[in-house]
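In what follows, a single structure is set out as structure tokens and then discussed.
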Amino acid sequence: MTLLLDSEAALAEGLAELCRIDPHIAALVEAGLRPPLRKRTPGLPGLVSIVIGQQVSTASAAAILGRLHAAFPELSATAIAAASDSELLGVGLSRPKLKTLRAIAAAILEERIELASLAEMPAEAAHAALTAIPGIGPWTADIYLLFCLGHLDIFPAGDLALQEAARSLLDLPARPSAKALALIAERWHPWRGVAAGVLWAHYRQIKSREGVLPA
């Protein structure tokens, strides 16, 4: 079995397995839905981009990231730690995100975490290492493990888009909670990362039909 969600072949294998075990997903795929392979740069750049992208539009996140990289061409823990608050706020960071980036930089410099080694750790251990950093919650850790490291069976059940897509796909009476969705997602093990991609793609379909593009 494929071990990482890191190629189109791995994505295709996962889709085929999900279609075999879940008729709801099979119906979407047969109707033409195919999620894109979403990959981000691992390490500090990837983690920073995920933190910045939380609760803002794609365009806003891209603008902030662009200004951050312009101000700090060699983005590193040392550079973040040495920067003044005014410099970091000046690129568009909110104060909570500024605190999170400083906490990440401190964890790296104090050797409480080594981002490069996370790829070699079991998903649960890597998730725990990330969420031990102040400001890094379960969603951020899940997204990093899924998109930056390609962990195949990660499912960010706290993601509101996934919850809404699951409600639509499974014809549920209400949007499921994170706990309820995590239980639902057990049926997609060990391909939950691919299932998340299917649900995100389905969510975009829903919003496109409603005339509203998701952030």
Where GLN54 falls short, out of the listed (1) open to solvent by less than 50 Å² (accessible area, probe 1.4 Å); (2) over 22 Å from GLY197 (Cβ atoms); (3) at pLDDT below 95: (2)
Subset of region 98-151 (residues that are within 23 Å of LEU11 (Cβ to Cβ), among the small types (Gly, Ala, Ser) and in a helix (DSSP H, G or I)): ALA119, ALA123, ALA126, ALA141
Boolean, ALA9 is surrounded by fewer than 16 Cβ atoms within 10 Å (Cβ to Cβ), in a helix (DSSP H, G or I) and without any contact (Cβ under 8 Å) to a residue 24 or more places away in the chain: yes
Selection status of ARG40, assigned to a helix (DSSP H, G or I), open to solvent by 80 Å² or more (accessible area, probe 1.4 Å) and within 28 Å of GLU114 (Cα to Cα): no
Single match in ILE108, ILE64 (criterion: of a type outside the set (S, T, N, Q) and closer than 15 Å to GLY135 by Cβ): ILE108
Candidates HIS69, HIS24, filtered to the one that is at pLDDT 95 or above and assigned to a helix (DSSP H, G or I): HIS24
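Please verify whether THR78 is surrounded by 14 or more Cβ atoms within 10 Å (Cβ to Cβ), in contact (Cβ under 8 Å) with a residue 12 or more places away in the chain, assigned to a helix (DSSP H, G or I) and among the polar types (S, T, N, Q), treating the condition exactly as stated.
no
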ILE25 vs. criteria touching a residue at least 60 places away in the same chain (Cβ under 8 Å), open to solvent by less than 80 Å² (accessible area, probe 1.4 Å) and β-branched (Val, Ile, Thr): yes
Residue, farthest from GLY197 (Cα to Cα), within region 126-163, restricted to residues that are of a type in the set (A, V, I, L, M) and open to solvent by 40 Å² or more (accessible area, probe 1.4 Å): ALA132
Set ALA116, ALA83, ALA71: member being surrounded by fewer than 17 Cβ atoms within 10 Å (Cβ to Cβ) and farther than 23 Å from ALA128 by Cβ: ALA71
Single unsatisfied condition, ALA62 versus (1) open to solvent by 50 Å² or more (accessible area, probe 1.4 Å); (2) under 19 Å from TRP200 (Cβ atoms); (3) in contact with a Leu (Cβ under 8 Å, 6 or more places away or on another chain): (3)
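The values are calculated or read from the model by the stated rules, or taken from the named source; none is laboratory data. The model shown is predicted, which means the values in this text are computed figures rather than measured ones. Please note: Cβ atoms are built from the backbone with ideal geometry, for glycine as well, and neighbour counts cover all protein chains shown. SASA here: full protein model, heavy atoms, side chains in, ligands and nucleic acids out. Shrake-Rupley method; radii C 1.70, N 1.55, O 1.52, S 1.80 Å.
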